[in-house]
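Quick notes on the structure that follows.
The values are calculated or read from the model by the stated rules, or taken from the named source; none is laboratory data. It should be emphasised that the depicted structure is a prediction, and the values quoted were computed from it without experimental measurement. All Cβ positions, glycine included, derive from the backbone under ideal geometry; neighbour counts span all protein chains shown.
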Amino acid sequence: MSDSGEEKIGGKYFGICPSFHHSKACNCKHCPSSPGEGYMFCARGNKLPVPEKAGCLCKECYVYSQFALEGDYFCRGEGA
């Protein structure tokens, strides 16, 4: 990857497979801090505006444990 100023998407966990199976297990859609649309922010990153922090379900998520993630609030870009 070059340092040409290209925008990096997905952060540290970009390699997580956003398959149908994993997307169905994703907690983002139930999270009170989620921007309301999108899912698997740990793998995909987020370009949507985010609301105030109102709790985080990342650490309770199947995807989080399956891929040994660290951190929380991936929808805000804070987990990566």
Positions within the stretch 36-64 being crowded, with 19+ Cβ neighbours inside 10 Å and basic (K, R), in sequence order: R44
Residues that are of a type in the set (K, R) and modelled with pLDDT of 90 or more, drawn from the stretch 54-80: K59
Where a residue in the stretch 56-72 is on the phi > 0 side of the Ramachandran plot and its partner, wherever it lies, is not in a helix (DSSP H, G or I), with Cβ under 7 Å and at least six apart: G71/E78; G71/G79; G71/A80
Residue match in the stretch 25-35 (condition: assigned to a helix (DSSP H, G or I), free of Cβ contacts under 8 Å to residues at least 12 places away in the same chain and loosely packed, with under 12 Cβ neighbours inside 10 Å): no
Single unsatisfied condition, G5 versus (1) modelled with pLDDT under 85; (2) assigned to a loop (DSSP other than H, G, I, E, B); (3) on the phi < 0 side of the Ramachandran plot: (3)
